[in-house]
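This report concerns only the one structure given below.
The values are calculated or read from the model by the stated rules, or taken from the named source; none is laboratory data. Since this is a predicted model, take the numbers as computed values, not measurements. For neighbour counting, all protein chains shown are included, and Cβ atoms are generated from backbone atoms with ideal geometry for every residue, glycine included. The accessibility values were calculated without ligands, DNA or RNA, using every heavy atom of the protein model including side chains. Shrake-Rupley method; radii C 1.70, N 1.55, O 1.52, S 1.80 Å.
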Amino acid sequence: MEGTKEKKMKILCLHGFRTSGSFLKKQISKWDPSIFAQFDMDFPDGIFPAGGKSDIEGIFPPPYFEWFQYDKDFTEYTNLEECISYLCEYITTKGPFDGFLGFSQGATLSALLLGYQAQGKVLKDHPPMKLFVSISGAKFRDPSICEVAYKDPIKVKSVHFIGAKDWLKLPSEDLATAFDNPLIIRHPQGHTVPRLDEVAIKQLQSWTAEILQCNNNCAVENKHEMENGGEKCRRSV
């Protein structure tokens, strides 16, 4: 069908700790709108109300949410399994999705889901994710999680925004190493969704254009294969 080719790729966008889906949408709106114009972006709220003060109080209106809770060393997590179950159900019922965009806790959680899917731990019946935009993401530090989620290079096209003044700069660098051939875009700012200069805009536009082209090519091949009674294209974008 012609609609198969024209259907937008769908991205699940996960916000940071004690913020909201609406706030992440506002953060991303500072980027050139052409970058994600051909994508369907979904901005859900975290499943738990903020359990303490939000850094955006007075900047953006409540309510605020968090995906899970953690200790000061980020080695012990509360409600993480419930969060993972919720998101897998959300992805299955609202999807299929083609990838993630996440900031801070949302990026960290997205990478975990990508690693778990690659290892067959979650989303076994959902098509493999194809892309990931990480802004100030990090790895989980619990060894029992690490040895599964980051066991092998995650073969998803990924771009990682790393801030020179971000307190998560080194963890963000480490997260990028978990992915196969990641694109790293550095910026001089801190722990935030950065404003992009012309170079970064062109990098991100090229990155998304390549993904869209590969996806469209695969959709056309799938159509031809199915018309001829053959196997669907399994080539990853």
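Given contacts defined as C-alpha pairs under 8 Å and at least six residues apart, what's the relative contact order of the stretch 2-81, whole-number percent?
Relative contact order, the stretch 2-81: 32 percent.
How far apart, in nm, are two points set 7 Å out from the Cα along the Cα-to-Cβ line at SER29 and at LYS151?
For SER29 paired with LYS151, the spin-label model returns 4.3 nm.
So in the stretch 1-100, what percent of DSSP beta bridges are antiparallel if you round to the nearest 5?
45 percent
For the chain, with every protein chain kept in place, what is the accessible area per residue (1.4 Å probe, Å²)?
For the chain, the solvent-accessible area averages 51 Å² per residue.
Ignoring everything but the protein chains, give the 1.4 Å probe accessible area of LEU24 in square angstrom, nearest 10.
0 Å²
Restricting to Cα atoms and excluding each atom paired with itself, what does the Kirkwood estimate give for the chain in Å?
Here the Kirkwood hydrodynamic radius works out to 18.4 Å.
Roll a 1.4 Å probe over the protein heavy atoms and report the accessible area of THR93 in Å², nearest 10.
Rounded to the nearest 10, the figure is 90 Å².
How big is the convex hull of the Cα atoms of the stretch 104-155, per residue, in Å³?
72 Å³
State the percentage of accessible surface on the stretch 170-217 attributable to carbon and sulfur atoms; use a 1.4 Å probe and exclude ligands, DNA and RNA.
50 percent
Using only protein heavy atoms and a 1.4 Å probe, report how much of PHE140 is accessible, in Å² to the nearest 10.
Approximately 0 Å² for this residue.
Once you compute Rg and the Kirkwood Rh from C-alpha atoms, what is the Rg to Rh ratio for the stretch 111-193? Kindly include the intermediate steps, with their values, before the conclusion.
On the way: Rg = 12.8 Å, Rh = 13.0 Å.
Result for the stretch 111-193 is an Rg/Rh of 0.99.
In deg cm²/dmol, rounded to 500, what helix-only [θ] at 222 nm does the chain give when every DSSP H run of at least 4 residues adds -39500 (n - 2.57) and the total is split over its residues?
On the way: 7 runs with 87 residues, N = 237.
For the chain, the value works out to -11500 deg cm²/dmol.
Cα-Cα pairs above 20 Å in the stretch 6-76: how many percent?
In whole percent, the long-distance tail amounts to 39.
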